[in-house]
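Here's the structure, in structure tokens; my notes come after.
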Amino acid sequence: MPVLRDFFITLSENQFLNSAAQKYGLKMGAQNVVAGTNIPEVIQSMKELNAQGISCTVDNLGEFVYEKSEATKAKDRILEVIEAIHENDVDAHISLKPSQLGLDIDYDFCYDNLMEIVGKAHEYKIHVNFDMENYDRLQPSFDLLDQISQVYDNVGTVIQAYFFNAQENTEKYKNYRLRIVKGAYKEPAEVAYQDKNDIDLNFIELIEYHLLHGKFTSIATHDHNVINHVKQFVKDNNIPNDKFEFQMLYGFRKEMQLDLAKEGYNFCTYVPFGNDWYGYFMRRLAERPQNINLVTKQVFTKKTNTVLGVAAAAFVLGRLTKKSK
């Protein structure tokens, strides 16, 4: 399984495949994992989810930006999304990546962009989640959170269970709304667990800690075993439903998403939109290769395979089945 995970991460970093996917992917069926390429499309997708009792967190896809003009463009688009959420009265909040907003260019520039976004969201009482990225960007992202939370209280972040310091950070940020995940980047053994069992164990421990001591917990998993464990844990510890939510990706395990919402649990779908979807999707497969069997329809056709030209990635994506339909 580690080999497969590394394979997906390598694919996520392939610029040729990423460019080809941006050009052809949505035309060939990637709309099954991406909720649109523009704001009207993603707003409509979120309205449909809201109508089924599901809230949303929306991600304007893109990361690792190295030009100020690109970061400014991303900031402006996120501001437009916030306006659209407010104007359309959508039950949704924002997820963003600091690297998309200039973290790799200049820290202060990124801070200014984030302050503008969080300030606008605060005006409309919309939460903003800082998605965590790879280890090199981990501490700077926490630093940004620390600074901005001195001014605004509508911010939260992500704790990645594969890091050795995940428990320490969960305790430090227990008064924040946290999304607990396993982690989806390839990290060195000096800073992160490499064994799946170690990661899974830490994942459960972090969830339990924050459910008992934290402000609000977003449990991001498609694993029914983890979900069933959490259901029993909250029951045993008298934790009310308004203290947590389950969270899954758009296009994955649709029936389970609906079932959990119908059972009365808070449920949030992670809703990505835009053309820059390829790296995001490959890392979701790296995070849990079983996700291959959870996508509702085939993402690529034979025509797409020819366009991409790289057999490995096309073969993997071509295996996506309709099992979760």
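The values are calculated or read from the model by the stated rules, or taken from the named source; none is laboratory data. Predicted, not measured: the structure shown is a model, and the values here were computed from it. Neighbour counts run over all protein chains shown; Cβ positions are idealised from the backbone, glycine included. Heavy atoms of the whole protein, side chains included, go into the accessibility calculation; ligands, DNA and RNA do not. Shrake-Rupley method; radii C 1.70, N 1.55, O 1.52, S 1.80 Å.
Counted over all Cα-Cα pairs of the stretch 212-256, pairs farther apart than 12 Å make up 64 percent. Judged by the mean number of other Cβ atoms found within 10 Å, the most tightly packed of the peptides 35-43, 159-167 leads the ranking 159-167, 35-43.
Scalar couplings 3J(HN,Hα) for the stretch 164-176, obtained by applying the Karplus form with A = 6.51, B = -1.76, C = 1.60 to θ = phi - 60°, are 4, 8, 4, 5, 4, 6, 4, 5, 4, 10, 5, 8, 10 Hz; x denotes Gly and Pro. Using the structure shown, list the pairs from Lys68/Lys243; Lys172/Lys262; Lys75/Lys125 with a Cα-Cα distance above 30 Å, or answer none. Long pairs (Cα-Cα over 30 Å): Lys68/Lys243; Lys172/Lys262. For the stretch 146-295, what class follows from the C-alpha gyration tensor (a ≥ b ≥ c being the square roots of its eigenvalues): rounded when a/c is under 1.5, otherwise prolate if a/b is larger than b/c, else oblate? Here the stretch 146-295 falls in the rounded category. FRET efficiency for the pair Glu41 and Gln232, taken as 1/(1 + (r/R0)^6) with r the Cβ-Cβ distance and R0 = 35 Å, rounds to 0.35. Straight-line cross-link partners of Lys174 among the aspartates and glutamates, defined as a Cα under 14 Å from its Cα and at least 8 positions apart when in the same chain: Asp146, Asp153, Glu205, Glu208. Our Cα-only numbers for the stretch 122-170 put the radius of gyration and Dmax at 11.6, 36 Å.
Beyond 23 Å in Cα-Cα separation lie the following of the pairs Lys120/Lys254; Lys97/Lys235; Lys182/Lys254; Lys47/Lys254: Lys120/Lys254; Lys97/Lys235.
Rolled with a 1.4 Å probe across the full set of protein chains, the surface gives Asp59 an accessible area near 0 Å². Semi-axis lengths, largest first, of the ellipsoid equivalent to the stretch 25-184 are 24, 18, 17 Å, with √(5λ) applied to each eigenvalue of the Cα gyration tensor. Taking the square roots of five times each eigenvalue of the Cα gyration tensor of the stretch 40-103, the equivalent ellipsoid has semi-axes of 25, 11, 8 Å, listed largest first.
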